[in-house]
Amino acid sequence: MKATGAALGPRTDSHGAPAVELRGISKNFGHVRAVRDVDLTIGHGEIVAFLGPNGAGKTSTIDMILGLSTPTAGEVRVLGMTARRAIQHGRVSAVLQTGGLLKDLTVVETARYVASLYHRGADVNAALHRAGIAGIADRMVGKCSGGEQQRLRFAMALLSDPDLLILDEPTTGMDVEGRRDFWSAIRADADRGRTILFATHYLEEADAYADRVVLIRKGEIVADGTSAQVKSLASGRTLRATLPGATPESLGAIPGADSVEVRGDTVLIHSGDADKVARHLLTETAAHDLEITSRGLEEAFLTLTSDTGTGEGQ
Amino acid sequence: MTTATASGQGARSGPPLGGFSPTVLGLEIRRLLRNRRTVIFTMVTPSIFFLLFGLNASYATTTPAHWHGNISAFILISMALYGSVLANTSGGAMISIERSQGWSRQLRLTPLSPVAYIVTKMMTSMVLGLVSVVVVNIVGLLSQKPSMPWYLWVATAASVWVGSLLFAAFGLFMGYLLPTENVMQIMGFVIMLLAFGGGLFVPLSVYPHALQTLARFTPLYGLNQLVHAPLTGQGVEGWWVLNVVVWLMIFIAGAVWRFRRDTARV
């Protein structure tokens with residue numbers, strides 16, 4: 001199935017090109033700016049989560065990496081070549097969100113169909129096994145559950161033994177068990193050193209399966225780091241107090257305040273060190289009615305990626 | 001290609017023939033035969049039409065002057081053409097359905113070139129067209145009514161089959177034009193109208209004069225005349241050939257236009 005891959009160890013391009021390189025790409029749909037000046041480099045063997053709410057620009061970006069659409073501005077390089085060429089050479093493949101299957105073929109027929117399109121014969125049985133669907137090979141695709149269909153898409157993506165595998169919201173609509181099975185198949189495969197980029201709006205998926213999390217909001221990358229780093233950005237506590245006459249500037253100067261918001265006489269301060277801010281508020285200012293609440297991880301993520309997220313008023 | 005031929009990974013080349021593969025062709029034919037509606041449309045309907053319209057006792061005994069066979073044989077050829085045209089149109093209809101199911105998009109993530117995809121679809125529907133022609137001719141043989149020399153059975157069946165390629169182009173055009181899953185019903189209706197216009201169901205001489213003139217411009221007219229010419233012994237008229245060529249160019253131009261739009265990367 002692959003002549004040289006096993007001997008190469010960690011996959012590197014001989015010219016050292018990264019798996020994905022986006023340079024200043026933007027994508028406009030009419031007046032809607034779906035992707036805004038995104039720079040992103042993904043190295044070989046990385047497992048990267050592309051995290052953001054629906055409509056953040058994840059799919060638009062992925063479509064450009066796959067050559068399904070062209071950027072309005074900027075440049076896309078995949079494994080050092082154009083996206084279309086990388087597809088033609090079977091070096092990148094993808095599991096798309098929905099559709100893309102013929103209901104009147106069986107599971108194994110679908111895999112054979114796609115396998116025959118690659119120059120080198122791909123190992124259909126191995127791909128079905130790795131996706132965990134060898135047992136339903138003769139089932140009609142139209143009779144498969146959503147999770148089984150998704151694992152078939154995954155098997156199809158494995159057929160060319162790609163260097164880069166892209167998954168767009170791979171577990172949307174799956175039940176808990178389906179999600180767990182799907183990810184254990186992906187995880188088993190990731191040990192082979194493949195570069196994986198997956199889009200998701202589930203924080204826990206990004207947390208559990210990615211080495212690196214790229215947070216996208218309104219077409220822009222707002223955070224990029226390990227999941228621990230991104231979580232710490234989004235964690236901390238919110239202090240709420242009554243403080244007439246406060247300005248965002250004066251509040252922003254409080255030691256430990258990460259972000260602030262003024263709503264009439266009420267002030268909201270977000271901080272990674274709530275005690276310090278509370279001490280300051282109660283001793284150095286006229287603040288009263290102080291409340292301190294901690295944010296759940298999910299809420300923190302929402303705050304980071306929502307329209308009124310951190311950074312406002314600073 | 002500028003990168004990495006030394007690593008082995010980079011040495012992978014694009015597929016020959018744009019990814020065309022016999023495996024895909026075999027699977028496509030299997031899919032088509034699984035589809036009962038297609039089988040009924042392209043094999044059962046024309047056979048039944050022949051049994052309804054072609055078995056009149058006087059048709060079997062009448063051999064008009066200069067003809068090399070009887071009227072029953074004439075109707076047999078018409079029905080074989082009808083079935084084969086429907087079969088060839090269905091290839092395009094499949095593309096329409098696959099576009100709506102997202103399969104075309106999925107294939108764009110493989111090395112398969114859009115042209116190889118279309119060639120595969122056309123070959124698939126040609127196989128279906130062949131089966132349709134053979135079935136209608138077997139029904140004709142079993143009925144024992146049509147009469148013509150054996151070489152005319154072969155020659156008319158072959159010209160019906162090859163001539164129907166005109167409608168493979170029509171099917172592709174419609175397949176890319178119509179975005180619906182019930183495209184086959186629409187096309188079935190359109191082909192029915194064209195079959196009346198081309199004189200497949202009733203001779204054009206029964207129409208009023210104005211309608212006869214109009215019919216000479218419809219896309220099945222020229223082809224229908226051509227495939228019957230060996231039987232009726234008529235000389236081929238230039239108008240028939242012109243009709244076929246012009247419509248072929250229109251359908252191909254339309255298909256290419258829609259296809260380019262479909263594969264344009266936005």
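Nothing in this text is a laboratory measurement; each read-out follows from the coordinates by a stated rule. Every value quoted in this text rests on a predicted model; they were computed, and no experiment measured them. Counting neighbours? That spans all protein chains shown, and the Cβs are built from the backbone with ideal geometry, glycine included.
Rounded to the nearest 0.05, what FRET efficiency do B:Asn182 and B:Phe217 give with R0 = 30 Å and r taken as the Cβ-Cβ distance? Could you check? Intermediate values should be presented prior to the final figure.
On the way: r = 28 Å, r/R0 = 0.94.
Once the sixth-power term is evaluated, E becomes 0.60.
The antiparallel fraction among DSSP beta bridges confined to the protein assembly as shown stands at about 65%. Projecting label points 7 angstrom from Cα along Cα→Cβ for A:Asp37 and A:Asp211 puts them 3.0 nm apart.
Return an integer: the convex hull volume of the alpha-carbon atoms of chain B, in Å³ per residue. That works out to 154 Å³ per residue. Using 1/(1 + (r/R0)^6) with R0 = 41 angstrom and r between the beta carbons of B:Ala57 and A:His129, what's the FRET efficiency to the nearest 0.05? FRET efficiency, B:Ala57 to A:His129: 0.05.
Evaluate the relative contact order of the stretch A:43-152 (contact order divided by residue number), counting alpha-carbon pairs under 8 angstrom at least 6 apart; express in whole percent. Numbers along the way, then the final one.
Details: 79 pairs, mean separation 21.2, N = 110.
Worked out over the stretch A:43-152, it gives 19 percent.
Packing-based ranking of A:173-180, A:264-271, B:39-46 yields B:39-46, A:264-271, A:173-180, ordered from highest to lowest mean Cβ neighbour count within 10 Å.
Charge dipole of chain B (Cα centre as origin; +1 on each Lys and Arg Cβ, -1 on each Asp and Glu Cβ, all else neutral): 780 debye, rounded to the nearest 20. The Rg/Rh ratio of chain A, with Rg taken over Cα atoms and Rh as the Kirkwood radius over Cα pairs, comes to 1.07.
One Cα centroid belongs to the stretch B:156-234, the other to the stretch A:73-121; the line between them spans 39 Å. In the stretch A:5-231, the DSSP beta bridges split such that about 50 percent are antiparallel, to the nearest 5. Of the residues A:Gly193, A:Gly236, A:Ala157, the one whose Cα sits farthest toward the positive end of the charge dipole of the stretch A:128-248, with +1 on the Cβ of Lys and Arg and -1 on the Cβ of Asp and Glu, is A:Gly236. Put simply, when B:129-135, B:227-233 are sorted by average Cβ atoms within 10 angstrom per residue, most first, you get B:129-135, B:227-233.
Would you please calculate the Kirkwood hydrodynamic radius of the protein assembly as shown over all C-alpha pairs and express it in Å, rounded to one decimal? Present the calculation step by step, with values, prior to reporting the outcome.
Values: mean 1/r = 0.0358 Å⁻¹.
Answer for the protein assembly as shown: a Kirkwood hydrodynamic radius of 27.9 Å.
Each Cα pair under 8 Å and six or more residues apart adds its separation to the average, and for chain B the resulting relative contact order is 24 percent.
Spin-label model, B:Arg105 to A:Lys276: label points 7 Å out along the Cα-to-beta-carbon direction sit 4.8 nm apart. Normalising the average separation of contacting C-alpha pairs (under 8 angstrom, six or more residues apart) by the number of residues puts the relative contact order of chain A at 18 percent.
The ellipsoid equivalent to the alpha-carbon distribution of the stretch A:236-294 has semi-axes of 15, 11, 11 angstrom, derived from the gyration tensor eigenvalues as √(5λ) and listed largest first.
Assuming charge only on the beta carbon of Lys and Arg (+1) and of Asp and Glu (-1), the dipole of chain A about its Cα centre is about 1160 debye to the nearest 20.
In this label model, B:Ile48 and A:Asp265 are separated by 8.3 nm, measuring between points 7 Å along each Cα→Cβ vector. Between A:Asp191 and A:Thr226, full extension at 0.36 nm per residue minus the direct alpha carbon distance yields a gain of 10.8 nm.
Pairs of Lys residues in chain A, spaced 8 or more positions apart or belonging to different chains, with C-alpha separations under 13 angstrom: 4 in total.
Placing a label point 7 Å from the Cα of B:Val206 along the Cα-to-Cβ line, the residues of the stretch B:48-86 whose backbone N sits under 12 Å from it are B:53-54.
To the nearest 20 debye, what charge dipole does the protein assembly as shown have about its Cα centre, counting +1 at the Cβ of each Lys and Arg and -1 at the Cβ of each Asp and Glu?
Details: 50 positive and 45 negative charges, 468 e Å.
Charge dipole of the protein assembly as shown: 2240 debye, to the nearest 20.
For the segment A:108-117, counting C-beta atoms of other chains within 10 Å of every residue's C-beta and taking the mean gives 6.
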